[in-house]
Amino acid sequence: MRVPLEKAVDLLRGGEVVAIPTETVYGLAAWLFKESAIEKIFTLKNRPSTNPLIIHVRDADECAFYASAQPADVYKLTEAFWPGPLTVVLPIHEKKVPLIARAGLKTAAFRCPAHPVAAELLKCVSPLVAPSANLSGTPSSTKPEHVEHDFGPQFPALEGECRHGLESTIIAQKNGLWEIARLGAISPEEIARIIGYLPKCAHLVEKTPICPGQLLVHYAPKARLILSNTPYEACEKKCPVVLGFTDRVYPGAKKWLFLGSLTAPHEVSFNLYDCLRRLDIEGIKEAWVDLDIPHNGIWATIRERLFRAAGATLTLQ
Ligand code: AMP
Ligand code: MG
């Protein structure tokens, strides 16, 4: 159910959960000071309580109130990417951040969203925790229809469009260096331009995930995905349904779901979760996925999401 901003503010202040658009994906928002609402988020999503939430702030000053230290370069990073899809993990003043929001950790993840609706909302009620508005482990929501599909037509949602269609990039410090804890809408190359080195993608090389978004199967539809970097016509292991690109042909396929053009990665990221969701909505049991895509920029994130959606192992290239 679409609600206007004033209604969303009332609901959040009253301890309810509201779905909100951000420039990454839709979030399930609760006010940081309403612990019962935060509990509701975990129940609604069927999210393990060990998976901490991202705290959405209105600006860097609000973040500084909760953080107990600001590691080197954090200001440069927030100045470059906030408001926007970068999440920074920082040590916090433990009394200021409820345990439930940070899964008992001594750190918390912060982000300042750029979406005008989210920004307007945060002016009235902040900070907000807002994990992605989907059932844990399944494709994220990028449209209010997706939220209503997962949580029912009566679930309150603010109207909006998720420009990126991919989650935020999460960075954390380890031994004085920034590492990427989750690939996202900002590429490692863009971060390197600010900090002067390419941050390591911790989760792709470590065995134990440091954040549960790193669990192998995530963002996954029910449909089985066959990932391939061999052309469709030459591929032995294929099926009639193709998840592919508008600039390629897939001779012999019976049905196509197009992610977009290979010349427009932002179009592809924008459509990604909608396409994964459509597979299930249309009752498709199996799809062949064209994974002959670049490795750089946000293609790395798109590639990683497709690997996780398929439950496949990703190795660094
Ligand atoms: P989402 O549920 O899509 O909003 O994803 C939130 C992500 O932020 C999850 O992968 C969390 O594990 C991660 N996260 C939140 N807080 C922390 C933290 N303190 N340290 C590391 N990762 C965190
Ligand atoms: Mg999520």
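Quick look at the values:
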| item | result |
| --- | --- |
| The chain: relative contact order as a whole-number percent, Cα under 8 Å and 6+ apart | 19 percent |
| L216 paired with K255, simple spin-label distance in nm, labels 7 Å along Cα-to-beta-carbon | 2.8 nm |
| The stretch 1-139, dipole about Cα centre (Lys/Arg Cβ +1, Asp/Glu Cβ -1), debye to the nearest 20 | 340 debye |
| FRET efficiency estimate (nearest 0.05) - Cβ-Cβ, L135 to E286, R0 25 angstrom | 0.70 |
| The stretch 224-316, relative contact order [Cα under 8 Å, separation at least 6], % | 35 percent |
| Dipole in debye (nearest 20) - the chain, about Cα centre, beta carbon charges: Lys, Arg +1; Asp, Glu -1 | 700 debye |
| Contour minus Cα-Cα distance for Q70 and N51 (0.36 nm per residue) | 4.5 nm |
| For the chain, fraction of C-alpha pairs farther apart than 30 Å, in % | 31 percent |
| Euclidean distance between Cα centres, the stretch 20-50 to the stretch 74-102, Å | 17 Å |
| Cα-based reach from K200 at 19 Å (exclusive), listing lysines while leaving out same-chain residues under 8 positions away | K76, K174 |
| Derived scalar couplings ³J(HN,Hα) [the stretch 37-45; Karplus, 6.51 cos²θ - 1.76 cosθ + 1.60; whole Hz; x for Gly, Pro] | 5, 5, 4, 4, 4, 4, 5, 4, 7 |
| Reachable lysines from K222, criterion Cα separation under 28 angstrom, eight or more residues apart if same chain | K40, K45, K143, K207, K237, K238, K254, K255, K285 |
| FRET efficiency for N296 and T230, using Cβ-Cβ distance with R0 set to 25 Å, rounded to 0.05 | 0.75 |
| Antiparallel DSSP beta bridges within the chain, as percent of all bridges there, nearest 5 | 45 percent |
| Per-selection Kirkwood Rh - the stretch 224-316 (Cα, Å, 1 d.p.) | 13.3 Å |
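Where a number appears in this text, it was derived from the coordinates with a stated rule and is not lab data. These figures come from a predicted structure and were not determined experimentally. All Cβ positions, even for glycine, are placed from backbone atoms using ideal geometry, and neighbour counts span all protein chains on display.
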